[in-house]
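A.B. asks: Mind looking over this structure? Questions follow.
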């Protein structure tokens, strides 16, 4: 079985698949046109977030049986179209949950204590001690929108800090250490709001002007979910008005982002979609991807 690795994958995972007798070709950084030209003859494709597996590539992948997304979201794959063509689509939702939750929590500390701004001030040769009075996380209300695996990991950590955790999810869900509430209640009562929903037609711009208007004055927004679920123009307006005291963003509607008005805002801290970029998460993603592909190959041998 021929396997095409389209995005960076742990070397150990590539070796594990080769040791299992699979023919593995690593070809990263392809343009959409190069992907279309490359996929014929391959039975399995492995992608992360960079490669977009859209209809043209799926149409060209006449021998494809499986597409594996190393990570959580599947918005870079036309899943329904692939499955209609008889191609199975799988992901590794658990592998990076802890890493993304830790980044979200790190962002919350950074917002509460102005850590990036204080660092920049010091590097500029200043000593602005009185400029950086912060707040404690203990006793604050954290509202998690989309309490799946990542949201649950964040809630577990926030509980340890003495935060009051609430969450919104469309389906009734039991979540240790947190109370499920309607979205409007979460927006009205949260001191920190952390986004963890996939990008779908229903969640596109889920936080927009109407939702920001419902929030507490001085709320903090943390976004380590999926770009496009927060209306960036509305967020910038809320930052400029002071409705939002600060925002921490790891994902953007367009990546790489060109929204420099938002990125350069003094009350915004940001990173280039690094939620899963820890050694531990990368190893777990690689291990899980390799396991999925090897088991699939065994099941379809001959």
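The values are calculated or read from the model by the stated rules, or taken from the named source; none is laboratory data. Fair warning: this is a prediction, and the values are worked out from it, not measured in the lab. Using ideal geometry, Cβ is built from the backbone for each residue, glycine included, and neighbour counts are taken over all protein chains shown.
A.B. asks: Within the stretch 146-159, how many residues are touching a strand residue (DSSP E or B) at 6+ places or on another chain (Cβ under 6 Å), outside any loop (DSSP other than H, G, I, E, B) and closer than 21 Å to residue 202 by Cβ?
C.D. replies: Selection size over the stretch 146-159: 1.
A.B. asks: Sort out which residues of the stretch 282-295 are surrounded by 19 or more Cβ atoms within 10 Å (Cβ to Cβ) and either in the same structural domain as residue 238 (by TED's automatic domain parsing) or out of contact with any helix residue (DSSP H, G or I) (no Cβ under 7 Å at 6 or more places or on another chain) (or both), and write them in order of number.
C.D. replies: If the condition is that a residue be surrounded by 19 or more Cβ atoms within 10 Å (Cβ to Cβ) and either in the same structural domain as residue 238 (by TED's automatic domain parsing) or out of contact with any helix residue (DSSP H, G or I) (no Cβ under 7 Å at 6 or more places or on another chain) (or both), then 282, 284, 285, 288, 292 are the ones that fit.
A.B. asks: How many of the residues in the stretch 107-125 are farther than 30 Å from residue 204 by Cβ and surrounded by fewer than 17 Cβ atoms within 10 Å (Cβ to Cβ)? Spell out the reasoning first.
C.D. replies: In the first step, residues of the stretch 107-125 are kept if they are farther than 30 Å from residue 204 by Cβ; the result is 113-115, 117-125.
From what is left, the residues that are surrounded by fewer than 17 Cβ atoms within 10 Å (Cβ to Cβ) are 113, 115, 119-125.
Result for the stretch 107-125: 9.
A.B. asks: Still on this model: Kindly state which helices (runs of 4 or more DSSP H) lie completely within the stretch 181-280 and contain at least 3 residues that are in contact with a helix residue (DSSP H, G or I) (Cβ under 8 Å, 6 or more places away or on another chain).
C.D. replies: Fully inside the stretch 181-280 and qualifying: 183-189, 209-214, 232-241.
A.B. asks: Restricting attention to the stretch 60-78, report how many residues are in contact with a helix residue (DSSP H, G or I) (Cβ under 8 Å, 6 or more places away or on another chain) and without any contact (Cβ under 8 Å) to a residue 60 or more places away in the chain.
C.D. replies: So the count comes out to 4.
A.B. asks: Going by the structure shown, is residue 256 assigned by TED's automatic domain parsing to the domain that holds residue 113 and within 18 Å of the chain's Cα centre (by Cα)?
C.D. replies: yes
A.B. asks: For the stretch 79-91, indicate whether the set of residues that are in contact with a strand residue (DSSP E or B) (Cβ under 8 Å, 6 or more places away or on another chain), closer than 26 Å to residue 222 by Cα and touching a residue at least 24 places away in the same chain (Cβ under 8 Å) is non-empty.
C.D. replies: Checked against the condition, which is being in contact with a strand residue (DSSP E or B) (Cβ under 8 Å, 6 or more places away or on another chain), closer than 26 Å to residue 222 by Cα and touching a residue at least 24 places away in the same chain (Cβ under 8 Å), the stretch 79-91 yields no hits at all.
A.B. asks: Same structure, new question: Looking at (1) touching a strand residue (DSSP E or B) at 6+ places or on another chain (Cβ under 9 Å); (2) at positive phi; (3) touching a residue at least 60 places away in the same chain (Cβ under 8 Å), which one does residue 300 not meet, given that it meets all the others?
C.D. replies: Just one mismatch for residue 300, condition (2).
A.B. asks: So, in the stretch 182-206, how many residues would count as being over 16 Å from residue 232 (Cα atoms), touching a strand residue (DSSP E or B) at 6+ places or on another chain (Cβ under 8 Å), touching a residue at least 24 places away in the same chain (Cβ under 8 Å) and surrounded by fewer than 21 Cβ atoms within 10 Å (Cβ to Cβ)?
C.D. replies: Count: 2.
A.B. asks: Kindly check whether there is at least one residue in the stretch 126-139 that is surrounded by 17 or more Cβ atoms within 10 Å (Cβ to Cβ), assigned by TED's automatic domain parsing to the domain that holds residue 205, out of contact with any strand residue (DSSP E or B) (no Cβ under 6 Å at 6 or more places or on another chain) and in contact (Cβ under 8 Å) with a residue 60 or more places away in the chain.
C.D. replies: No: zero hits.
A.B. asks: Moving on to the next point. Looking for whichever is touching a helix residue (DSSP H, G or I) at 6+ places or on another chain (Cβ under 6 Å) and part of a loop (DSSP other than H, G, I, E, B) here; the options are 125, 177, 162, 143. Which one fits?
C.D. replies: The conditions single out 177.
A.B. asks: Restricting attention to the stretch 3-22, which residues are loosely packed, with under 14 Cβ neighbours inside 10 Å and either within 12 Å of residue 45 (Cα to Cα) or more than 26 Å from the chain's Cα centre (by Cα) (or both)?
C.D. replies: Across the stretch 3-22, the qualifying residues are 15, 18, 19, 21.
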